[in-house]
Structures are given as structure tokens and as C-alpha cells.
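Visitor: Provided herewith is a single structure, encoded as C-alpha cells, for subsequent inquiry.
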Amino acid sequence: MSDLILLHGMEVEALIGVYDWERHAPRPLVLDLELSVDLHAAATSDRVQDTVDYAAVAACVTALCQREQPQLLEALAGRIARALLAEFATLTALTLTLHKPGILPNVRDVAIRLSRARSSG
């Protein structure tokens, strides 16, 4: 059984899109993160050092979204996943849903979901 840390509805802005009209200004995006972490130590110690710091995760994602300028949601999600797995040693796997609201008429948002695990290798 895997323990999870959940961050739902994280709002960020990114310059993202395939079409010229999308690339004039940053667009709002919404992320949902499921972070697989062994929470036994933190549950016992009550120390943030024994878990994944939620604020540090949010800061990492925000900085990456401000810095990167991909065309595709898929590319940005992949970069976020790689960055989080590289930055947080206790993170064993993650699932990321990345929403791009208001991009299509009559559609609340489009979204992609990907899952990545730390390679054992």
C-alpha cells in the first residue's frame, strides 16, 4: 500500500500553446498532484524533514511553469514530473493531472494525466 500526499487545484500561469494567439501572454493552468511517499517516519516524528514539504513542491512547480515555454501540456507535465522526482528523494512516484481551462468553446477545460515512478536503476 502506498501513502499519498495530494495537492489539488494548484493554480499556476505558463506561456503554453501551439497557436500564435496562445503565446502572447501566460495562461492559467490548474494542477492536481498525487505524490507517493512513505509517510511512516513523518507520522511518528512529526517532522517535515521526514516527508515531502508541500510548499517546496508548489514552489518547484511554480518556478518551472514560469521558466518553461512548451507548446504541449504533455511536455510541461513531463518536465514537472522529472523535476519533482529529481528534487525530492523521498518521492517514489507521482500522478499529475494538468488542466488548461477555457481553451475550447463549450469545454470547461482540457487536461492530461500522467504517472511516473522513480527508476530503480
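Visitor: Out of the residues in segment 67-83 that are of a type outside the set (A, V, I, L, M, F, W, C) and more than 12 Å from the chain's Cα centre (by Cα), which is surrounded by the most Cβ atoms within 10 Å (Cβ to Cβ)?
Guide: The selected residue is P70.
Visitor: For the subset of segment 1-28 comprising residues that are of a type in the set (V, I, T) and part of a strand (DSSP E or B), which member is nearest to E74 (Cα to Cα)?
Guide: Once the filter is applied, the top-ranked residue is V12.
Visitor: Something else now. Tell me the residue from P105, P101 that is touching a Pro at 6+ places or on another chain (Cβ under 8 Å) and not basic (K, R), please.
Guide: Details: P105 fails: touching a Pro at 6+ places or on another chain (Cβ under 8 Å).
Result: P101 is the single residue among P105, P101 that is touching a Pro at 6+ places or on another chain (Cβ under 8 Å) and not basic (K, R).
Visitor: Residues being touching a strand residue (DSSP E or B) at 6+ places or on another chain (Cβ under 6 Å) and either farther than 23 Å from Q71 by Cα or exposed (fewer than 13 other Cβ atoms within 10 Å of the Cβ) (or both): count how many of those fall in segment 12-28.
Guide: Residues flagged as touching a strand residue (DSSP E or B) at 6+ places or on another chain (Cβ under 6 Å) and either farther than 23 Å from Q71 by Cα or exposed (fewer than 13 other Cβ atoms within 10 Å of the Cβ) (or both) within segment 12-28 amount to 0.
Visitor: Taking the options A63, A86, A93, name whichever one is within 24 Å of S2 (Cβ to Cβ), surrounded by fewer than 16 Cβ atoms within 10 Å (Cβ to Cβ) and modelled with pLDDT of 95 or more.
Guide: Working: A63 fails: within 24 Å of S2 (Cβ to Cβ); A93 fails: surrounded by fewer than 16 Cβ atoms within 10 Å (Cβ to Cβ).
Result of the check over A63, A86, A93: A86.
Visitor: Kindly indicate whether L64 is without any contact (Cβ under 8 Å) to a residue 40 or more places away in the chain, under 19 Å from R23 (Cβ atoms) and either in a strand (DSSP E or B) or aliphatic (A, V, I, L, M) (or both).
Guide: Yes, satisfied.
Visitor: Looking only at residues that are part of a loop (DSSP other than H, G, I, E, B) and either surrounded by 15 or more Cβ atoms within 10 Å (Cβ to Cβ) or of a type outside the set (S, T, N, Q) (or both) in segment 96-121, which one is nearest to the chain's Cα centre (by Cα)? Break it down stepwise before answering.
Guide: The first filter runs over segment 96-121 and keeps only residues part of a loop (DSSP other than H, G, I, E, B), leaving 102-108, 118-121.
Now narrow it down to the ones that are either surrounded by 15 or more Cβ atoms within 10 Å (Cβ to Cβ) or of a type outside the set (S, T, N, Q) (or both): 102-105, 107-108, 118, 121.
Details: G102: 19, I103: 20, L104: 22, P105: 25, V107: 22, R108: 20, R118: 15, G121: 23 Å.
For segment 96-121, the residue satisfying everything is R118.
Visitor: Inspect all residues belonging to segment 57-74 and state whether any of them is touching a Lys or Arg at 6+ places or on another chain (Cβ under 6 Å) and within 16 Å of R118 (Cβ to Cβ).
Guide: no
Visitor: How many residues does segment 29-57 hold that are crowded, with 16+ Cβ neighbours inside 10 Å, part of a helix (DSSP H, G or I) and not β-branched (V, I, T)?
Guide: Adding up the residues that qualify gives 2.
Visitor: Restricted to segment 79-101, and to residues that are in contact with a strand residue (DSSP E or B) (Cβ under 7 Å, 6 or more places away or on another chain) and free of Cβ contacts under 8 Å to residues at least 60 places away in the same chain, which residue is nearest to A14 (Cα to Cα)?
Guide: My answer is I80.
The values are calculated or read from the model by the stated rules, or taken from the named source; none is laboratory data. Just so we're clear, the structure is a prediction, and the values are computed from it rather than from any experiment. All Cβ positions, even for glycine, are placed from backbone atoms using ideal geometry, and neighbour counts span all protein chains on display.
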